[in-house]
Structure formats: structure tokens, C-alpha cells
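The values are calculated or read from the model by the stated rules, or taken from the named source; none is laboratory data. Just so it is clear, the structure is predicted and the values come from calculations on it, not from any experiment. In this analysis, Cβ positions are derived from the backbone assuming ideal geometry, glycine residues included, and neighbour counts consider all displayed protein chains. Side chains included, ligands, DNA and RNA excluded: accessible areas come from the protein's heavy atoms. Shrake-Rupley method; radii C 1.70, N 1.55, O 1.52, S 1.80 Å.
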Amino acid sequence: MTSQPRGAIRGRSAIVAAGNTEQGTVPGISADEIAVEALRLTLRENGIQKSEVDGLITCKSYGGFGIDTEIGRLAGLNPGYSATLDYGTCNFSLHLACAVIDAGLASTVAIVYGTNQRSSGNRFSHPLGRQDEASVYGFLNVAGPAGMAFRRHQHRYGTTERDLGHIAVSQRRYARDNPLAIFREPLSLDDYLAQPYLVEPLRRADLCMISDGGACLIVTSADRAADLSDKPVHVQGIAQQTGLRDRQNADQWMRPWIERVAERIYPAAGIERADIDALYIQDPTSVWVLQMLELYGFVQPGGVGEAFRNGEVGFGGKLPLNTNGGQLSEAYMWGFLHLCEAVRQLRGEAGERQLDGLRTAQYCSTFGFMKAASTILSTDRS
């Protein structure tokens, strides 16, 4: 028997619906209630009955909300399978849903996320990583570690702040055509460079916006997909890797272990990197986009600025990147909206920002300096 590459789940699972609530500030409603509203909207807008759902995967939002037992109660669900991930970033949640379907524990899984982190006043001021390190160096927000990572990149490759600025500027241009986006005002490279530092060398546009909102994906077996949607989006390959040794890893600021995901994801999906029509990278900070463009091999190390200037990536370029505006401009949803956008693009439902001839999309996400994951989606089953 010929063994398949790790993560090769070609044509066995498909996303049949993607939906979300409004983003921004949603006062007077709990995170769990927002999650249930996202589920309700997604089912209604895609013509799927709640009775079809026999699996529920939720993701804790900041502050510990998002437990499957509470969301299931509020939604009136008694699924055959349910679970809660502490940090789902949708990629990890999607991979779990595919595994659940493969194992026969459920046939149609709702992945649900909701947060009221903005209206409840959360400031994301908590230690990131080891407690002693956080207390000494002040790493109480992703901006600190990301700033250190960019300084390391500058030291190795001579990268400039102007090079980094292309990421936020490109994503803002996409966001201007996205009615869901929080930041839609024009942003030029000069505007970016004129912004004061928040955590030097990072500016406001380099960091995501804390926001309320909810999102939902409905994942089912490929055999059932045609019964629930005439536009299923098939999961072709998945891959993950951890960096749990933390500072024991060489050059941990650069997160080189993400390259192992890149080595696995394309064989798993049975395609080449060049076959990717649109790329989505989770971006609590622009530095993560910079790193992952290089680690996945889309750009040569130290060449991100040149790649944007030459039209290799980004708005108007050969490789569209975060066409929703990403977390830097659309909303901060732990990457859930990236997958919603990828699904809509593949289904031809992205409105003014719709790409032509799209067949394959890739989503890359991380849990800070701890874990990384990627998914390749396609309109083709195999």
C-alpha cells in the first residue's frame, strides 16, 4: 500500500457555508450570544437546517468565553460530538473538524466563534510566554515580541520600516472594498511612515484592532456536501507544527520551525506552491505576514519590500494577499474571517473585491511562538 503524505485529506471534507456577524463594537451581548448569532446567520443565509448539524467546535475568546457546553445550550444543540479549543484561530478548529468527520464522530460540524473583547474593555495586557520574561521585558502584548522579531529581521537582512509598511498599505487597499472592514480610510506608504510608533519599530497600522464579532463555518463530509451546497469548498491538505521548546529553539524570534509546515502542506494537497491563486496569512501584526511570506517560500528572505514593489504579491499583484484587509484593517477575529473570505472568494461571493479565475487558496496561521498551521482549499474535490 502506498502511503499518503501527512495531512493529505483530499476531497474528504468540504466547507459548505461561511458567515459572520457585524464587526466592531457590539455592546450589551455576551461573547457566547454573539457566537450563536453567527451560527444562526450562517445557517439561514446558506439554507441549512440546524438539524443537519451533529458536531460543534468552539474556540475560547479572550477572557475564557466560548465553551461548547454554553454555546450548545444557547443554540439549542445536542450534537453527537462537541469540543472547545483554547486557541482555535480557525485553522486549528478546521483541522479538528476534518479529523472528527474522518473518524465518523460527526458528519456536519459547525465551527463557531464569538467575542465581545472590545465592548467589555479587554486590553490584551497579559504576559505572553514565560512569566519571568514577560515581567522583565514587558511583553504584555503581541507588539513587544513582534517588534523584537522585526529588529532581528532588520539585523539579518537589512529590512527597512518602509519595506514592512507595504503590508499594511496593501491590505488597507483591499479593505476599502470590504464593507465589513473597520479601517477603510486610504493609507499610503507616506501616511504609514508618518504615524507615530506604538512600540518602536511598529506603528498603529502594524497591529490589529481589538473588536467584537462572531464567525461560523459549516464543514461536512464531501459525500454530503452536494446535499447542503451547490458551491462546496474542498479541504485538500492540512499541516501543523509546534515550537513548544520556545527559547530552546534556535533563532526563536524568526520562528524557523514554521518551515516544516511549508514542507508538508503542498505534498499533502498534491499541488505546487505556484498553484496557489490567493494567500491568506493571519496577521495580529504585520511582522507575522513578513515572516510567513518568507517561511512558506513565496518571497526570498529579505525580499518582501521588493516583492510588493515589483507586484509579485499584494494588491494588484500576481499573488493576492489577505483580500479582506486582514486583521490589520478588517477586524481581529483570531483568523476566522480569513477563512470566511477565502471561502467567499472561491465561491465567487466576494463582491467588489472578487478575484477572477480563483480555484485554490491557502491559509496560514500561528499561535504566537507556540504553533503553526496551514490549510489549502479548492473548488475541485481532488
key: Answer residue from region 204-223, given it is over 27 Å from Gly66 (Cα atoms) and at pLDDT 95 or above and is nearest to the chain's Cα centre (by Cα) among those   = Asp206
query = Are any residues in region 349-365 open to solvent by less than 50 Å² (accessible area, probe 1.4 Å), of a type outside the set (Ser, Thr, Tyr) and either more than 21 Å from Asn178 (Cβ to Cβ) or touching a residue at least 60 places away in the same chain (Cβ under 8 Å) (or both), and if so, which ones?
reply = Arg353, Leu355, Leu358, Ala361, Gln362, Cys364
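Any idea how many residues of region 61-71 are touching a strand residue (DSSP E or B) at 6+ places or on another chain (Cβ under 6 Å) and either under 15 Å from Ser82 (Cα atoms) or surrounded by fewer than 24 Cβ atoms within 10 Å (Cβ to Cβ) (or both)? Spell out how you get there, then give the answer.
Initial filter on region 61-71 (touching a strand residue (DSSP E or B) at 6+ places or on another chain (Cβ under 6 Å)): 61, 66-68, 71.
Checking which are either under 15 Å from Ser82 (Cα atoms) or surrounded by fewer than 24 Cβ atoms within 10 Å (Cβ to Cβ) (or both) leaves us with 66-68, 71.
Count: 4.
Output the residue which, of all residues in region 1-24 that are among the hydroxyl-bearing types (Ser, Thr, Tyr) and open to solvent by 20 Å² or more (accessible area, probe 1.4 Å), is modelled with the lowest pLDDT. Don't jump to the end; show me each part of the working.
We begin by selecting, within region 1-24, every residue among the hydroxyl-bearing types (Ser, Thr, Tyr); these are 2-3, 13, 21.
Checking which are open to solvent by 20 Å² or more (accessible area, probe 1.4 Å) leaves us with 2-3.
Details: Thr2: 51, Ser3: 67.
Per the criteria, the residue is Thr2.
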message = Report every pair of residues separated by at least 6 positions or lying on different chains whose Cβ atoms are under 9 Å apart, first residue within region 41-54 and more than 19 Å from Gly214 (Cβ to Cβ), second surrounded by fewer than 16 Cβ atoms within 10 Å (Cβ to Cβ) and among the small types (Gly, Ala, Ser).
response = Asp54/Gly80
request  = Could you tell me which numbered condition Gly368 fails, if it satisfies all but one of (1) more than 30 Å from Asp212 (Cβ to Cβ); (2) open to solvent by 20 Å² or more (accessible area, probe 1.4 Å)?
outcome  = (1)
remark   = For Trp253, the lone unmet condition from (1) part of a helix (DSSP H, G or I); (2) open to solvent by 40 Å² or more (accessible area, probe 1.4 Å); (3) closer than 25 Å to Asn310 by Cα is (3)
ask   = Do we have Tyr280 as within 18 Å of the chain's Cα centre (by Cα) and either in a strand (DSSP E or B) or without any contact (Cβ under 8 Å) to a residue 40 or more places away in the chain (or both) here?
value = yes
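Just for region 152-180: of the residues that are hydroxyl-bearing (Ser, Thr, Tyr) and not in a loop (DSSP other than H, G, I, E, B), which one is farthest from Cys208 (Cα to Cα)? Spell out how you get there, then give the answer.
So the first thing to find is which residues in region 152-180 are hydroxyl-bearing (Ser, Thr, Tyr), and the list is 157, 159-160, 170, 174.
Cutting the leftovers down to not in a loop (DSSP other than H, G, I, E, B) gives us 157, 170, 174.
Details: Tyr157: 25, Ser170: 15, Tyr174: 15 Å.
Among them, the one singled out is Tyr157.
Regarding Val219, is this residue within 28 Å of Glu52 (Cβ to Cβ), in contact with a Leu (Cβ under 6 Å, 6 or more places away or on another chain), in contact (Cβ under 8 Å) with a residue 40 or more places away in the chain and open to solvent by less than 30 Å² (accessible area, probe 1.4 Å)?
Details: within 28 Å of Glu52 (Cβ to Cβ): yes; in contact with a Leu (Cβ under 6 Å, 6 or more places away or on another chain): no; in contact (Cβ under 8 Å) with a residue 40 or more places away in the chain: yes; open to solvent by less than 30 Å² (accessible area, probe 1.4 Å): yes.
Taking the combined requirement at face value, the residue does not satisfy it.
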query = Which residues, taken from region 135-151, are crowded, with 17+ Cβ neighbours inside 10 Å, of a type in the set (Phe, Trp, Tyr) and part of a helix (DSSP H, G or I)?
reply = Phe150
ask   = Pairs, please: C-beta under 9 Å, at least 6 apart or cross-chain, first residue more than 14 Å from Ser374 (Cβ to Cβ) and in region 286-306, second open to solvent by 10 Å² or more (accessible area, probe 1.4 Å) and small (Gly, Ala, Ser)?
value = Glu294/Gly302; Glu294/Gly303; Gly302/Gly158
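Does Arg224 qualify as being touching a strand residue (DSSP E or B) at 6+ places or on another chain (Cβ under 7 Å), open to solvent by 10 Å² or more (accessible area, probe 1.4 Å) and part of a helix (DSSP H, G or I)? Reasoning before the result, please.
Details: touching a strand residue (DSSP E or B) at 6+ places or on another chain (Cβ under 7 Å): yes; open to solvent by 10 Å² or more (accessible area, probe 1.4 Å): yes; part of a helix (DSSP H, G or I): yes.
So Arg224 fits the description; yes.
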ask   = Out of all the residues in region 159-177, which are within 14 Å of Thr285 (Cβ to Cβ) and surrounded by fewer than 24 Cβ atoms within 10 Å (Cβ to Cβ)?
value = Glu161
query = Given the conditions (1) open to solvent by less than 10 Å² (accessible area, probe 1.4 Å); (2) under 22 Å from Asp227 (Cα atoms), and given that Asn91 satisfies all but one, which numbered condition is not satisfied?
reply = (2)
Filtered residues of region 25-46 (kept if open to solvent by 60 Å² or more (accessible area, probe 1.4 Å) and part of a loop (DSSP other than H, G, I, E, B)) = Thr25, Pro27, Gly28
message = With free of Cβ contacts under 8 Å to residues at least 12 places away in the same chain and within 16 Å of Met370 (Cα to Cα) as the only criterion, which of Asn310, Asn249 stands out?
response = Asn249
request  = Identify the single condition in (1) touching a strand residue (DSSP E or B) at 6+ places or on another chain (Cβ under 9 Å); (2) crowded, with 23+ Cβ neighbours inside 10 Å that Asp283 does not satisfy, given that it satisfies every other one.
outcome  = (1)
